[in-house]
Amino acid sequence: MKYTVITGASSGIGYEAALAFATRGKNLILVARREAELNKLKENIQDMNADLDVVINPTDLSDSEQVHALYESLKEYDIETFVNNAGFGNSATIAEQDVHKTEKMLRVNIEALTTLSTLYAHDYADQEGAQLINVSSDLGYRLVPNAVTYAATKFYVSAFTEGLAQELQDNGALMKVKILAPSMTETEFVKTARELDDFSYSDNVQKFHTAKEMAQFMLELYDSEKVLGKVNSDTYEFELMDPVFQYTSRK
């Protein structure tokens, strides 16, 4: 049996991606901090298709020991696809941001993603059909006020993932590596970034996608031969693209 791992699966894009992959008949390993929400998602998926195996793994990805323990627990499964979706933002100027929240964001957005990507590439680089999808952001390709540190974490995700994709291709590896780069999406992101109790996208944002729409874009990327699936920040059209950052091959 093959499995798809999705981090940050308790809400937003991760939640909808789990449902989307379930419609493809994929067995799932769902990772997030909130165990109760993961259990609700598991019930929803098994109502859709009782034949699917759904494993929940409550993990705090800001804790490096838990990140390594998570990957160790996955070794008993055949992981066909690994989706690093977990991440959060911090809306403040650099001079005013909470440094402790920033440090936690760095651990989740950068450290955990790098660790899990590296371990997965180590084990699956030469496996036909293996895919790694890392979720970056439109802000992984441009900077805006009050989100410079968050954008910098996503620049890292984009550069690291594009580089990994091209490095593996250079080395003749079979595994495919891809980046999903959403723009404004209706999730818990703004509430977490701004530390709000509630936020209405329809009342406050001119253009946005739903998490369900982004999950469908993820499937388009999954099916494609392109490395980058990016929402155009001007038109809000979803575009499948080649890598953006320059990569100088030694071959």
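Could you grab me the full set of residues in the stretch 93-140 that are in a strand (DSSP E or B) and either among the polar types (S, T, N, Q) or in contact with a Pro (Cβ under 8 Å, 6 or more places away or on another chain) (or both)?
Of everything in the stretch 93-140, those that are in a strand (DSSP E or B) and either among the polar types (S, T, N, Q) or in contact with a Pro (Cβ under 8 Å, 6 or more places away or on another chain) (or both) turn out to be GLN131, ASN134, VAL135.
Given the conditions (1) at pLDDT 90 or above; (2) more than 19 Å from ALA86 (Cβ to Cβ), report the number of the one that ASP203 does not fulfil.
Exception for ASP203: condition (1).
Under 9 Å between Cβ atoms, which residue pairs at least 6 apart in sequence (or on different chains) link something in the stretch 34-55 that is of a type in the set (Asp, Glu) and at pLDDT 95 or above with a partner that is part of a loop (DSSP other than H, G, I, E, B) and open to solvent by 80 Å² or more (accessible area, probe 1.4 Å)?
Going by the 9 Å Cβ cut-off, the qualifying pairs are ASP53/MET1.
Select from the stretch 141-155 the residues that are aliphatic (A, V, I, L, M) and in a helix (DSSP H, G or I) and write down the one among them that is nearest to ASP98 (Cα to Cα).
Within the stretch 141-155, the first condition is being aliphatic (A, V, I, L, M), and the residues that meet it are 143-144, 147-148, 151-152.
The next check asks that each one be in a helix (DSSP H, G or I); those that pass are 148, 151-152.
On the way: VAL148: 13, ALA151: 16, ALA152: 16 Å.
The selected residue is VAL148.
Based on what the data block shows, is ASN90 under 19 Å from the mean Cα position of the chain (by Cα) and part of a loop (DSSP other than H, G, I, E, B)?
yes
Which condition number does THR185 fail, the rest of (1) of a type in the set (Ser, Thr, Tyr); (2) in contact (Cβ under 8 Å) with a residue 12 or more places away in the chain; (3) more than 27 Å from ALA95 (Cα to Cα) being met?
If we test THR185 against (1) of a type in the set (Ser, Thr, Tyr); (2) in contact (Cβ under 8 Å) with a residue 12 or more places away in the chain; (3) more than 27 Å from ALA95 (Cα to Cα), just (3) comes out false.
Would you pick out the residues in the stretch 160-171 that are assigned to a helix (DSSP H, G or I) and more than 20 Å from THR102 (Cα to Cα)?
The answer is THR161, GLU162, GLY163, LEU164, ALA165, GLN166, GLU167, LEU168, GLN169, ASP170.
Could you tell me which residue of the stretch 172-187 is nearest to THR153 (Cα to Cα), considering only residues that are hydrophobic (A, V, I, L, M, F, W, C) and part of a loop (DSSP other than H, G, I, E, B)?
Ranking the candidates gives MET184 first.
The values are calculated or read from the model by the stated rules, or taken from the named source; none is laboratory data. Just so you know, these numbers come straight off a predicted model, no measurement behind them. Positions of Cβ are generated from backbone atoms using ideal geometry, with glycine treated the same way; all protein chains shown enter the neighbour counts. The protein model used for the area step is the full one, side chains on, heavy atoms only, and it has no ligands, DNA or RNA in it. Shrake-Rupley method; radii C 1.70, N 1.55, O 1.52, S 1.80 Å.
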